[in-house]
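Down below is the structure, laid out as structure tokens.
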Amino acid sequence: MASVGVLPPIKKERLAPDHPPKTSSIGNEVMPPITQTVQLSFSKKGTHEERVRRRLKKLRQQLPLLAKVETYRIQNTFKHNLCLDILQGGYHESFSQIFNLMQLQQLVRLQAGPESVLWTKKLLHDEPEKLTVMKEWLTRAEDMELEEDFESVYQCYHELAKYFQTTCNEDKWISDTFFDLALDATAKLKDSDGRLMAEAHCNVDLHSRKIGSYLEATDHFEVFYQLTEDKPEWVGDTGDTLRTEACRQLCLIYSVTATKLGTNPHQRDQHLEYLQKAYDMANEGGGVHLEGVASYKLGLAYEKSRESEAAFKYLTVYKDACMITNDDKGLGKAYQAMAKSLQSLGKEDESIKHLEMFAEVSEQSHDDRALSEACSSLGEVFNSLGEYDQAVDNFTKAYNISRALNDDATISVARMLYGIATAHKMTSVYMRHIDCVEEKGFMGRLMEWKDARTEEIANSCIECEKVEYEADKVTDAQIRQQSRERQDTDTKEAEAEEANEDDKGSKDAEDSTESEEDASKDVEESKGATEDN
Amino acid sequence: MALNPLANPKGVKRLCELCQKPAFIECLDCRVTYYCTKEHQGIDYRGIHKKICSLLIHLRAPAPFLNSGEDRQNRKDEMLLRQKQMIDLTRTTGQKLLFEGKHEQAVPAAMQALKFAIDVYGLSSIELVPSYLILGEASIGLGHLSHAEEYLSQAQWTVLKTPECSHDIQSRLHRNVGLLYAAKGDYPESLNQLGNDIYHSSEAFGTDDIRTSGGYFHMANVFFRLNKMKTADSLYKKVTTIWFTFLERIINVRTRTPVVPKGVGPVAEEPPMKEEVLDEAQEAEAIQVLNAIYDMREQQRATAQVMAKIAYAVTMLYTVLHDFSRANSFIYTAVKASKANPEDELSKKIAELARMLQTPYTSGIAMGMKI
């Protein structure tokens, strides 16, 4: 065959160093043992440059000769060398993982642009430590996968994910990837009871929850929940059964979802539904505290949608839970909420009872703010019931407490409420004066003033005085005439007139109380406003 | 093939196209190519000349007399463009011949590519490297390891002198050097080089590209020879998966039913999906790699699932290449293997493709073939 002759000579440039350097011949040379130290004293011969060159030559001779691979090692980046190490062992999966992670990170960073926060973060290929750890675990996992020992594969990925959880916040996405991989590994397990799978699900969704994708987390946890069904023997690291863990996490997730939905008024039904789900979960295995909290939230939501009976039921559950856990603050909150729902049910007496308990509890726990709240709530109830003495008492208490606390907003509100209650209290005295039979003149004058009331207050006052004066005269004259002409008239007629006037007077009184109620409403509104502020 | 014996006129030196010795015969079709012996002519003709015979006339004919500088410049530009096209053509041909295992024929093609590249880019350009690489690989295939080493060293040196050299070229260089070491039996060094190949290729195309799969394949072969069966197996699996996904994408694009617009109204023109294409060299590579894996799996008596996958991949390949008779023979194996677990996703796909292949006419239309 002429094929040998076919291969043509390679054209070479005359001067260009096209000859590849003969590295092999250098490599074969036996290195002389280094015995001498560098001579710093130089012979006088030669110029300065020559001496420097000689010295450099000597120094260079002391360096070890590098094989080809070693030179490449020095030339290449750390990332390159690491990838080479992995690939030489045939670990293509590990290589793909690491390489793609780095690529992804760079891509995300590029998309975010140089002005983003990501730009300032350290990239993965500048962190040899992390890469080395990753390499170790991944290659081990791949080895195990070749041996078809998927449980170990799971462990490896799991360890790796945990490692990245501990490093820093920015690495969450990496540990997320590895949790996912761990989950995939459990899918390949054939003859296991599914415990690892359950754990993997748990980890994946714990993680996706951290990064905020709650819907995904819900899916995973629901699978986890189903997997742990009828498996009371599975105990986690903390000593609780996995089932309990599932319930607890699901409860948390549901309540978070509910809170999100709660902001939108159109999703009220879903909001309630999620809260109910959360409560069911907590009821099953979330522990007393969690159950209490869930029921409290549910109760409040029911109260908000005006289903006070249901609200009261769940709030009672919360109260019991708080009693068990000795949570005074919670107990106070429970009593307060219960009182509110009782009030909207129309059971004022019980409401007062609950509020008193609220006050008692907060007094015991020395929670002054709660106590002040309790007092003002009590005051409000008494106020609406018309028992102004007690209302004033309570408002005084509330006012004093908030003064002691030196909290401006509550002070002003308390002061206002106190003022209103005191005013209300005065109304009874006022009424007594007006109703007074002996002093008919009051009522009559009041009536007239009311009839003649005009826009301008000053004018009306002057006119009033005049009218009153004249009226007084007229009435005096009339009375005198009447006394002269009808001295024998029955006293009964006079009594009847008085009675009529009484009716009018009482109507007046009612009017005045109404107007005062309006005023108190205004005050309440203003209170609401201040609270909002 | 008609040949003219040459009576060389004085002062004109005609050299053989292949060995650069004095030539005595010329090709009658183009009349610009000369050979020393008929043997060389035959090799060249089978290798590359068949394809470029007519194209060479334009390139090698003596330059006509042109009056204006503009014309001269135009001609120069045109020549340059043609030469570049020739580089592409010859290089791809050489690569394809290599994948088909015709190492001897690949040499003339690579030589032509090298010549044109030298003409266009000069002696020390990075553009020469692909040709060197083909020559090196051909030499490895022919068993001339020293020649191969010479060519590859040349390539390596050029790459080393060009630090901004693309990842693509570096990967191919490392692949060939790796193959050389494998042929020499220096497996650790070979693995190192192939690792480099995969690294650079991943930088250029991603870890799961068909252009990266070659590195995995050769690496798998090395592990196979080192008798590390499990690693080799997993690597073969990786190669299969890469080709599998790639071919599946093509099939999906081709068999996609266009959305029929409902009701009256302006028809929203959806942009046609871009179909990835295999060039000739890649086709040859696919055939070589997938068939090799298929044969190996058959010998290994692999599990039904693995068998189904590779058989399906080969079927898809032949379907894409419009070679329906071969596709039919492979789909038979695929169907047989997929019977083990008929509920599988893969089995469903196989059944669908089998149904399509049973009616070659319609499938031909579906596949966009001109009938």
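The values are calculated or read from the model by the stated rules, or taken from the named source; none is laboratory data. Fair warning: this is a prediction, and the values are worked out from it, not measured in the lab. Quick reminder, even Gly has a Cβ in these numbers, built from the backbone with ideal geometry, and neighbours come from all protein chains shown.
For segment A:134-151, taking the residues that are more than 14 Å from chain B (Cβ to nearest Cβ), surrounded by 16 or more Cβ atoms within 10 Å (Cβ to Cβ) and over 18 Å from A:Leu84 (Cβ atoms), the one that is modelled with the lowest pLDDT is identified as A:Phe150.
In segment A:45-85, the residue that is surrounded by the fewest Cβ atoms within 10 Å (Cβ to Cβ) out of those that are charged (D, E, K, R) and in contact (Cβ under 8 Å) with a residue 40 or more places away in the chain is A:Lys68.
Every condition in (1) at pLDDT below 90; (2) under 28 Å from B:Met307 (Cβ atoms) is met by B:Val222 except one, and the failing one is (1).
Please indicate, with yes or no, whether at least one residue in segment B:362-370 is surrounded by 15 or more Cβ atoms within 10 Å (Cβ to Cβ), at pLDDT below 80 and touching a Lys or Arg at 6+ places or on another chain (Cβ under 6 Å). Yes, because at least one residue in segment B:362-370 is surrounded by 15 or more Cβ atoms within 10 Å (Cβ to Cβ), at pLDDT below 80 and touching a Lys or Arg at 6+ places or on another chain (Cβ under 6 Å).
Report yes if A:Arg369 is modelled with pLDDT of 75 or more, assigned to a helix (DSSP H, G or I) and surrounded by fewer than 16 Cβ atoms within 10 Å (Cβ to Cβ), otherwise no. Spell out how you get there, then give the answer.
Details: modelled with pLDDT of 75 or more: no; assigned to a helix (DSSP H, G or I): yes; surrounded by fewer than 16 Cβ atoms within 10 Å (Cβ to Cβ): yes.
No; evaluated as a whole, the condition is false for this residue.
Just one of the numbered conditions (1) within 14 Å of chain B (Cβ to nearest Cβ); (2) of a type outside the set (Lys, Arg); (3) under 19 Å from B:Tyr181 (Cβ atoms) is not true of A:Phe78: (3).
Among the residues of segment B:15-25, those that are surrounded by 17 or more Cβ atoms within 10 Å (Cβ to Cβ), part of a loop (DSSP other than H, G, I, E, B) and either modelled with pLDDT under 70 or in contact with a strand residue (DSSP E or B) (Cβ under 8 Å, 6 or more places away or on another chain) (or both) comprise B:Cys16, B:Glu17, B:Leu18, B:Ala23, B:Phe24.
For segment B:35-90, a residue qualifies if it is within 27 Å of B:His103 (Cα to Cα) and among the hydroxyl-bearing types (Ser, Thr, Tyr), and the qualifying residues are B:Tyr35, B:Thr37, B:Tyr45, B:Ser54, B:Thr90.
Is it true that some residue in segment A:112-120 is touching a Ser or Thr at 6+ places or on another chain (Cβ under 8 Å), of a type outside the set (Phe, Trp, Tyr) and either over 27 Å from B:Asn192 (Cβ atoms) or within 14 Å of another protein chain (Cβ to nearest Cβ) (or both)?
First, the residues of segment A:112-120 that are touching a Ser or Thr at 6+ places or on another chain (Cβ under 8 Å): none.
No; the residues of segment A:112-120 include none that is touching a Ser or Thr at 6+ places or on another chain (Cβ under 8 Å), of a type outside the set (Phe, Trp, Tyr) and either over 27 Å from B:Asn192 (Cβ atoms) or within 14 Å of another protein chain (Cβ to nearest Cβ) (or both).
Within segment B:214-231, the set of residues being more than 9 Å from chain A (Cβ to nearest Cβ) and surrounded by fewer than 22 Cβ atoms within 10 Å (Cβ to Cβ) comprises B:Asn221, B:Phe224, B:Arg225, B:Leu226, B:Asn227, B:Met229. Does B:Ser234 satisfy being within 13 Å of chain A (Cβ to nearest Cβ), more than 20 Å from B:His174 (Cβ to Cβ) and among the small types (Gly, Ala, Ser)? It is true that B:Ser234 is within 13 Å of chain A (Cβ to nearest Cβ), more than 20 Å from B:His174 (Cβ to Cβ) and among the small types (Gly, Ala, Ser). Kindly establish whether B:Ile169 is more than 11 Å from chain A (Cβ to nearest Cβ), under 11 Å from B:Ile126 (Cα atoms) and assigned to a helix (DSSP H, G or I). Answer is yes for this residue. For segment B:178-196, how many residues are in contact with a helix residue (DSSP H, G or I) (Cβ under 8 Å, 6 or more places away or on another chain) and more than 9 Å from chain A (Cβ to nearest Cβ)? Count: 10. Look at (1) at the interface with chain A (Cβ under 10 Å from one of its Cβ atoms); (2) out of contact with any Phe, Trp or Tyr (no Cβ under 6 Å at 6 or more places or on another chain); (3) closer than 26 Å to A:Met102 by Cα and you find that B:Ser201 fails only one, number (1).
A count restricted to segment B:202-212 and to residues that are surrounded by 23 or more Cβ atoms within 10 Å (Cβ to Cβ) and either under 16 Å from the mean Cα position of the chain (by Cα) or in the same structural domain as B:Ile287 (by TED's automatic domain parsing) (or both) stands at 1. Regarding segment B:150-169, can at least one residue be identified that is touching a His at 6+ places or on another chain (Cβ under 8 Å) and in contact (Cβ under 8 Å) with a residue 24 or more places away in the chain? Yes, the conditions are met somewhere in segment B:150-169. Regarding segment A:395-404, can at least one residue be identified that is under 38 Å from the mean Cα position of the chain (by Cα), of a type in the set (Ser, Thr, Tyr) and modelled with pLDDT under 75? The answer is no, given that none of the residues of segment A:395-404 is under 38 Å from the mean Cα position of the chain (by Cα), of a type in the set (Ser, Thr, Tyr) and modelled with pLDDT under 75. Considering segment A:31-123, the qualifying helices (runs of 4 or more DSSP H), each wholly inside and each with 2 or more residues that are modelled with pLDDT of 85 or more, run over A:48-62, A:78-88, A:92-112.
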